[in-house]
Amino acid sequence: MNTQLQAALDKLTARYGDRAADYVEGTAIRREIIYDDYIQTDTLLSLQKPLTDFHDEMTFLVYHQQTELWFRLILHELEYGVEALLEEPANVVVATESAVRANRQFHFLTDSFDILIDGLSTDAFMEFRKAFGTSSGFQSAQFRAIEVLSGLERLSKDEKSEQFYWERAARDMNTGEPTLTLIKFKEKHLHWLNTMYENRKPFSFRLAFDKVLHDKKVAYADLFTATASAELRTLAEELLKLDASIIEWKRSHLRAAAKHLAKAPRGTGETNWAEYLNRSLKEEHYFPELINARKAADQEEEIEGVTLADA
């Protein structure tokens, strides 16, 4: 018997015991799977249901659907990377590869914004968006989950007033009160996001990495020195890139919104979109300890450079 076939049969026997023969027979009588069966093409292509007859709405709809699929893949990588760091011992190499993949996926999404920026008619968008009611891209629960699993901290004056930064967005520009866009999003997703946040230690990339450093007795300040562990420094660099990747995606989102909503200062549901996006770009980071350590290391290098030049 073919060696490879025998090895496969041995695996089936080990897994299914006396039922291994039934499994083989089942495989023999099962209909042949084709590409469409695996990809679920018919299901995917049944999901495009524009609300209007405007030609460009299909572009807008498909673009956002594919964005959610990429978000799903990014979450898949973040979860895998965190699990790798929580192994005993921590698998830093696998965690780094997950961060690299997440960055690559974010870069694809950021580059793809040209489809919305240059490939969408502003005049058409201003019309068909009226059919969306109070629904908004602001309500992407997967993106909010990406932020939490990366390392986002809630805003807090004290424990009772703690909230996510986006909870101050989607507010009426005149009254400052929460819009229906925010209210409905929180009704559906806030409990899930709060639960994820409360379990973030160590189940976020930031705090899982923090645990690894603590276990290895490595200070953040030591990560960017000549004596730093190469594996830990490489992961630290990728996590810094992940921070930048999320912010760059939001910046591209702002560019798209700024172009198509230039004549509409109010976002969907009368939201304060411009103020919210600009502020979040400046204030929100996901790996603050790494950012501070890197800045300190860069400043130290500058000082040393000046000293050597003077000498």
### Message
Checking the structure you have, find out if any residue of the stretch 47-54 is touching a helix residue (DSSP H, G or I) at 6+ places or on another chain (Cβ under 8 Å) and of a type in the set (Asp, Glu).
### Response
no
### Message
Here is a check on your reading of the model: is residue 23 out of contact with any Pro (no Cβ under 8 Å at 6 or more places or on another chain), in a helix (DSSP H, G or I), among the hydroxyl-bearing types (Ser, Thr, Tyr) and under 29 Å from residue 150 (Cα atoms)?
### Response
no
#### Entry: Residue check, residue 238 in contact (Cβ under 8 Å) with a residue 40 or more places away in the chain, closer than 19 Å to residue 98 by Cβ and either surrounded by fewer than 18 Cβ atoms within 10 Å (Cβ to Cβ) or among the aromatic types (Phe, Trp, Tyr) (or both)
no
### Task
Report, by residue number, each residue of the stretch 195-227 that is aliphatic (A, V, I, L, M), assigned to a loop (DSSP other than H, G, I, E, B) and surrounded by fewer than 20 Cβ atoms within 10 Å (Cβ to Cβ).
218, 219, 226
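Is it the case, given these coordinates, that residue 54 is at pLDDT 95 or above, touching a Ser or Thr at 6+ places or on another chain (Cβ under 9 Å) and part of a loop (DSSP other than H, G, I, E, B)? First the steps, then the outcome.
Details: at pLDDT 95 or above: yes; touching a Ser or Thr at 6+ places or on another chain (Cβ under 9 Å): yes; part of a loop (DSSP other than H, G, I, E, B): yes.
So residue 54 passes the test.
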#### Entry: Pairs where the first residue, in the stretch 277-300, is under 30 Å from residue 261 (Cβ atoms) and the second is β-branched (Val, Ile, Thr), C-beta under 8 Å, 6+ apart
281/247; 284/247; 285/247; 285/291; 286/246
### Task
Looking for whichever is exposed (fewer than 11 other Cβ atoms within 10 Å of the Cβ), over 20 Å from the mean Cα position of the chain (by Cα) and either of a type outside the set (S, T, N, Q) or not in a loop (DSSP other than H, G, I, E, B) (or both) here; the options are 59, 43. Which one fits?
43
### Query
What residue, among those in the stretch 138-167 that are farther than 23 Å from residue 71 by Cα and among the charged types (D, E, K, R), is modelled with the lowest pLDDT?
159
### Message
Tell me yes or no: at least one residue of the stretch 215-230 is touching a residue at least 40 places away in the same chain (Cβ under 8 Å) and under 21 Å from the mean Cα position of the chain (by Cα).
### Response
no
### Summary
Residue hits (the stretch 29-40; more than 25 Å from the chain's Cα centre (by Cα) and among the aliphatic types (A, V, I, L, M)) are 29, 33, 34
### Query
How many residues are loosely packed, with under 14 Cβ neighbours inside 10 Å and in contact (Cβ under 8 Å) with a residue 24 or more places away in the chain when one looks only at the stretch 86-99?
1
### Query
If residue 175 satisfies every condition in (1) out of contact with any strand residue (DSSP E or B) (no Cβ under 9 Å at 6 or more places or on another chain); (2) at pLDDT 90 or above but one, which is the exception?
(2)
### Message
The conditions are (1) surrounded by 22 or more Cβ atoms within 10 Å (Cβ to Cβ); (2) not in a helix (DSSP H, G or I), and residue 102 fails exactly one of them. Which is it?
### Response
(2)
### Message
Kindly evaluate residue 127 against the criterion of being charged (D, E, K, R) and under 30 Å from residue 239 (Cβ atoms).
### Response
no
### Message
Just the residues that are farther than 30 Å from residue 138 by Cβ and assigned to a helix (DSSP H, G or I), please, taken from the stretch 228-254.
### Response
230, 231, 232, 233, 234, 235, 236, 237
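The values are calculated or read from the model by the stated rules, or taken from the named source; none is laboratory data. All values derive from a computational prediction rather than experimental measurement. Cβ: placed from backbone, ideal geometry, glycine included. Neighbour counts: every protein chain shown.
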